[in-house]
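Let me begin by presenting the structure, written as structure tokens, before commenting on it.
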Amino acid sequence: MHNLTPIEIAVKIKELSGLDVFKNTRQRKYIEVRSLLNHLLRNKLNMRWIHIAQFYIDNGKNYDHSTALYSSNKYHLNAQHNPKLKEIEEIFTFKSDLCYDKIDRVHYLENKVTNLENKNLELKNKFNHPMYKVIRNVPDSLVDEVGQKLKLWEKSLEWKKELN
């Protein structure tokens, strides 16, 4: 299992342990399995504590970043008492050096590029208007004169705006 998302890891842990990590309970067996998940999310996916907490909240579990930190730190102690946790951990392998925060940044930047490309296309479409084509062809030596004449023409049209 390579390059899993947090939800895929949680589902696989549930499959292997038979325990739902998002169940709102403080029973020891659930706490231990959550500590495994937190350990994997923090140490293998390099997720920030606040993102781990938000991950739980998004899946219906009351959680905060300090609980995620405490739980992850307790994983090794829990694994000593429950060897099944180590067995489950060893099933997961992670090859990518790209941490979850970097994946978020990459996704953000991809969206930003797409938005900029859309804005660029809109501007190109605006500049394809026949009026812009005429103005673009005005020689530099006549730009001031043409500008003055356009302002006068605009003023002469103001009375029509007032009628509407």
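Laboratory data are not the source of any read-out in this text; all were calculated from the coordinates shown. These numbers come from a predicted model, not from an experiment. Every residue, glycine as well, gets a Cβ built from its backbone with ideal geometry; the counts of neighbours run over all protein chains shown.
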- request: Using Cα pairs closer than 8 Å and at least 6 residues apart in sequence, work out the relative contact order for the chain, in percent.
  value: 21
Given 14/84; 119/149; 12/74; 44/84; 133/161; 12/61, the pairs whose alpha carbons are separated by over 23 Å: 119/149; 133/161
query: What are the trypsin sites (Lys or Arg not before Pro) within the range 17-46 that DSSP puts in a loop, where the Cβ has at most 11 other Cβ atoms within 10 Å?
result: 26
message: Tell me the Kirkwood radius of the range 103-163: reciprocal of the mean inverse pair distance over distinct alpha-carbon atoms, in Å.
response: 15.1
statement: For the range 136-147, in residue order, the Karplus 3J(HN,Hα) values (coefficients 6.51, -1.76, 1.60; θ = phi - 60°; whole Hz; Gly and Pro = x) are 5, 8, 6, x, 4, 5, 10, 4, 5, 5, 5, x
message: Restricting to DSSP H runs of at least four residues, report the calculated mean residue ellipticity at 222 nm for the chain, -39500 (n - 2.57) per run over all residues, nearest 500 deg cm²/dmol.
response: -22000 deg cm²/dmol
query: What does the convex hull of the Cα atoms come to per residue for the range 6-95, in Å³?
result: 84
- prompt: Which semi-axes, in whole Å and largest first, does the equivalent ellipsoid of the chain have when worked out from the alpha carbon gyration tensor as the square roots of 5 times its eigenvalues?
  reply: 63, 18, 12
